[in-house]
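A single structure is presented below for examination.
Values in this text are rule-based calculations from the coordinates and carry no lab data. What you are looking at is a predicted structure, and each value in this text was computed from that prediction instead of being measured. Glycine also receives a Cβ, built like all others from the backbone with ideal geometry; neighbour counts cover every protein chain displayed.
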Amino acid sequence: MKDLKTLRNEIDVIDKEIVALYEKRMDAVLGVAAYKNKNSVPILNSSRENEVIERNLNLLKNKDYLIPTEKLLKTIMDISRDYQSSKIFALAEKRDKSSIMDLEYELKKDDDEKKYSVGFQGVPGSFSEEALIQYFGSNTISRSFSEFQDVFEALQNGKIDYGVLPVENSSTGGITEVYELLRKYGLYITGEKCIKVSHNLLGIKGAKLEDITEVYSHPQAFQQSNVFFKNYPNLNLVPYYNTATSAELVSKKNSNTIAAVASEKAADLYNLDILEKNINYNTQNYTRFIVISKNVEVSENCNKISVVITVPHKTGSLYNILSNFAHNNLNMMKIESRPIEGKPWEYFFYIDFQGNLINPEIKKAVALIERNSSYFKLLGNYTCTT
């Protein structure tokens, strides 16, 4: 048996060889990083890593070392990936400015009780107004606008401090117009509020369901109540601005032949009867409203980031972007595509994921996504309420 000194000397010689070989390996890793940066190839390639580990484990003569050797190889892979990531990020920073890394934002306190002027689309009694009150409080100065775009313009022109707009419904999906306006006007999401939506068929006092020939409401309210209306094919469904505006119209026209799909609050506000209650087919019907601002606002409690991107129109481009989420442990909450006008089969991708831009590591990870996108826009960093 060899003595301890001899064994330690052997280990010292082997360690020296390991360091020399490791240095050569990291030189090769640098070359791989440069290639991936130039060709927008994702850092993580799980199948390649698994293949390398399995091939090298098969070279072991002493199978007792199988588990510790696998651990060693995985650790080397992790170190290589992290090093590649840092180098690619440094190259991206050096080559072109990152809007995320240069991002300036207002650090807000969540207990801010300042009185704001806030705009919403529709009239009093709408679900948008309800979301506004629940988010900002009843003491807020609220202003109503006819169209979604009017809210954006008022905010951009400094007539209001914030806007509240519906962006997604649990039954019928995203509201395309709001997404497009958000991107077009360059405004930011600073908060969100989810409201449970219950639709009712409203008519003037004394009207009966059998009297009704026309129904007014927002198209999404009709979609969310389509099971009910299948039983009444004789009714003419007329798309209108929103649910509360429809209730207001019915009240003004004062005819027992027209009705509206709207909330109980709208019925009370416009002195209408509820002819049929809860006509939406999904009893768990929620609408998500966003709070928009001219400026990026981030607080310590923000946990959700929204971005919109486009990718190069070639095979694997979207995969290359999405792999950055996996590699950087970013939990994706939603991805939705919208066609790009004038570019058939090309899309904007709206993505929600968990994170706070105050965290430098999150900021770097988002900058890598930006770096690999053809187009990138931060939509906001805010607190998730769902």
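To the nearest 10 degrees, how steep is helix 360-371 against the longest Cα principal axis of the chain, on a 0 to 90 scale?
Value to nearest ten degrees: 80.
Something else now. Along each of the three principal axes of the Cα atoms of the chain, give the extent in whole Å, ordering the values from largest to smallest.
104, 45, 44
Which residue, 123, 19, 164, has the most motion in a Gaussian network model of the chain that connects Cα atoms within less than 10 Å?
Its mean-square fluctuation being the largest, the pick is 19.
Once amide H atoms are placed 1.01 Å from N in the peptide plane, what residues at a sequence separation of 5 or more from residue 238, or on another chain, have their amide H within under 5 Å of its amide H?
Under 5 Å from the amide H of residue 238 lie the amide H atoms of 215, 216, 217, each far enough along the sequence or on another chain.
Relative to the longest principal axis of the chain, what angle (0 to 90°, nearest 10) does the C-alpha long axis of helix 46-57 take?
Computed tilt is about 30 degrees.
Given a Förster radius of 30 Å and the C-beta distance between residue 214 and residue 333 as r, what FRET efficiency does 1/(1 + (r/R0)^6) yield to the nearest 0.05?
On the way: r = 40 Å, r/R0 = 1.33.
Here the calculated transfer efficiency is 0.15.
Among the lysines, select those whose C-alpha is under 25 Å from the C-alpha of residue 16, and discard any that sit fewer than 8 residues away in the same chain.
2, 5, 24, 61, 63, 71, 74
Can you tell me what share of the DSSP beta bridges in region 90-235 is antiparallel? A percent to the nearest 5 is fine.
Numbers: 2 of 10 bridges.
Taking every DSSP beta bridge within region 90-235, about 20 percent pair in antiparallel fashion.
Rounded if a/c is under 1.5, else prolate if a/b is larger than b/c, else oblate: which is region 127-279, with a ≥ b ≥ c the root eigenvalues of its Cα gyration tensor? Let's see the in-between values first.
Numbers: a/c = 2.18, a/b = 1.78, b/c = 1.23.
Cα axes put region 127-279 in the prolate bin.
Looking at the chain as a GNM with Cα springs under 10 Å, which of 22, 232, 350 has the largest mean-square fluctuation?
Highest fluctuation of the listed residues: 22.
Helix-derived [θ] at 222 nm for the chain: sum -39500 (n - 2.57) over DSSP H runs of at least 4, divide by residue count, nearest 500?
Calculated at 222 nm, the ellipticity per residue is -13000 deg cm²/dmol.
Beyond a 19 Å Cα-Cα separation, which of these cross-linked pairs lie in this structure: 196/277; 294/364; 314/377? If you can, show how the numbers build up before the last one.
Values: 196/277 15 Å; 294/364 24 Å; 314/377 21 Å.
Long pairs (Cα-Cα over 19 Å): 294/364; 314/377.
Also, I was wondering about something else. Rounded to the nearest 0.05, what FRET efficiency do residue 340 and residue 205 give with R0 = 45 Å and r taken as the Cβ-Cβ distance? Could you check?
Working: r = 49 Å, r/R0 = 1.10.
Approximately 0.35, to the nearest 0.05.
Further, regarding this structure: Go from 0 up to the bin containing the longest alpha carbon distance in region 207-336, width 5 Å each, and give me the % of pairs per bin.
Result returned by the calculation: 2, 8, 14, 16, 11, 8, 9, 9, 9, 7, 5, 2, 0.
Quick check: convex hull of the Cα atoms in region 115-190, volume per residue, rounded to a whole Å³? Present the calculation step by step, with values, prior to reporting the outcome.
On the way: hull volume 7.0 nm³, N = 76.
Spelled out: Cα convex hull of region 115-190, divided by residues, is 92 Å³.
Let me ask you something else. Please report the antiparallel percentage of DSSP beta bridges with both residues in the chain, rounded to the nearest 5.
Working: 43 of 61 bridges.
Rounded to the nearest five, the antiparallel share is 70 percent.
Next question. Mean-square fluctuation check for the chain, GNM, Cα pairs under 10 Å: which of 15, 352, 211 is largest?
The residue with the greatest mean-square fluctuation here is 15.
If the chain between residue 56 and residue 22 were fully stretched, how many nm would it gain, using 0.36 nm times the residue separation less the Cα-Cα distance? Could the numbers behind the result be given before it?
Working: separation 34, 0.36 × 34 = 12.24 nm, distance 1.54 nm.
Working it through step by step, the gained length comes to 10.7 nm.
Now for a separate question. Please find the FRET efficiency linking residue 150 to residue 194, where r is the Cβ-Cβ separation and R0 is fixed at 22 Å, and quote it to the nearest 0.05.
Details: r = 24 Å, r/R0 = 1.08.
It comes to 0.40.
I need to check one value: relative contact order of the chain, counting alpha carbon pairs closer than 8 Å and at least 6 residues apart, in percent. List each step's numbers first, then the result.
Details: 684 pairs, mean separation 73.6, N = 386.
19 percent.
Here's another thing I want to ask about it. So, in nm, how far is label residue 8 from label residue 282 when the simple model puts each one 7 Å beyond its Cα toward the Cβ?
The modelled label-to-label distance comes out at 7.0 nm.
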